[in-house]
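The values are calculated or read from the model by the stated rules, or taken from the named source; none is laboratory data. Please read all numbers here as calculations on a predicted model, not as lab measurements. Glycine also receives a Cβ, built like all others from the backbone with ideal geometry; neighbour counts cover every protein chain displayed.
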Amino acid sequence: MKTMHKVPLPQFLSRNPFPHPLTQGFFYREKMRAIYRIAPDRSLQSILEVGGGSSGLTAMLYPNAQITNLDLDPEHEHSPCNQQAWVRFVCGDATALPFADHSFDAVTMFDVLEHIPDHKTAILEAQRVLKPGGFLLISTPNENWRFPYYRFMKPICPEDKEVMADWGHVRRGYTIEQLQDLIALPCQKTATFINPLTIVGHDIAFSRLSRYTRQALCTLLSPLMWIGYWLHRPEATGTETASMWQKI
């Protein structure tokens, strides 16, 4: 029997940290599945998660690895995910990583690059601390991202620029070609997520509606969400992309 180094997908998805993971947080399930699809099933001893905050996605995915979670916000040190024996929290800057060259078997940057003004330096730093043959795992919005996705939802949603400011985005997202220019490593896998069906639930979850109304609508639309989820293929249209790159 083949040894699995990643946790089984159902176990990974069951730990979705977003409130109401099968309704308002359904989009996070999509993100987790896309990350799982591109993540290598390899024995990785040491992994750096850049900007992991309090989500703990890398630690959930690779529980047998030693995880270093680096984030600018020192408050995240006290989050439950950073209290686990195999996780070390470091308060630091993605553009000046306090680690030696070739320190990690993998570096993860999930929904981080679009928040970093100097993303070129952040990528160079990630590559510097990555061992030869190591993996860089990234998720970002792509060229299809906009808020709201459908114009008919504008009356109940904040403006696009308001959402970007609230979420701390300094840029909208990246095409694969833009990521290739930025990263300059071989791209081994990609998987899109949050597609034209499931985006409806995502945008309702971040609309101006009351919390009760958002939850009720997401619950009502959950059959549509599941149809979009099960039909979605990694290469199909989505508004975000997870990708795996390997250092030569």
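Restricting to the range 32-61, what's the tally of residues that are within 15 Å of P17 (Cβ to Cβ) and charged (D, E, K, R)?
2
Do you know which of the residues in the range 87-107 that are of a type in the set (D, E) and buried (at least 16 other Cβ atoms within 10 Å of the Cβ) is farthest from G134 (Cα to Cα)?
D93
Residue by residue through the range 17-36, note down the ones that are in contact (Cβ under 8 Å) with a residue 12 or more places away in the chain, over 12 Å from the mean Cα position of the chain (by Cα) and at negative phi.
P17, L22, T23, Q24, G25, F26
Scan the range 181-202 for residues that are closer than 18 Å to R146 by Cα and out of contact with any Cys (no Cβ under 6 Å at 6 or more places or on another chain) and report the count.
Final tally of qualifying residues: 10.
Please find, within the range 227-248, the residue that is farthest from Y174 (Cα to Cα) out of those that are of a type outside the set (G, A, S) and loosely packed, with under 15 Cβ neighbours inside 10 Å. Break it down into steps so the answer makes sense when it comes.
Filtering the range 227-248 for residues of a type outside the set (G, A, S) gives 227, 229-235, 237, 239-241, 244-248.
After this cut, where a residue has to be loosely packed, with under 15 Cβ neighbours inside 10 Å as well, the list is 227, 230-231, 233, 235, 237, 248.
Numbers: I227: 27, W230: 25, L231: 24, R233: 20, E235: 16, T237: 14, I248: 23 Å.
Here the answer is I227.
Take the residues of the range 44-78 that are modelled with pLDDT under 95 and among the hydroxyl-bearing types (S, T, Y): which is surrounded by the fewest Cβ atoms within 10 Å (Cβ to Cβ)?
S54
Here is a list of conditions, (1) part of a loop (DSSP other than H, G, I, E, B); (2) closer than 14 Å to S139 by Cβ, and P40 meets all of them except one; can you say which number that is?
Tallying (1) part of a loop (DSSP other than H, G, I, E, B); (2) closer than 14 Å to S139 by Cβ, P40 fails exactly one: (2).
Taking the stated definitions as given, is Q188 under 30 Å from V129 (Cα atoms) and without any contact (Cβ under 8 Å) to a residue 12 or more places away in the chain?
Spelling it out, it is not the case that Q188 is under 30 Å from V129 (Cα atoms) and without any contact (Cβ under 8 Å) to a residue 12 or more places away in the chain.
Answer with yes or no whether T192 is touching a strand residue (DSSP E or B) at 6+ places or on another chain (Cβ under 9 Å) and farther than 30 Å from P98 by Cα.
yes
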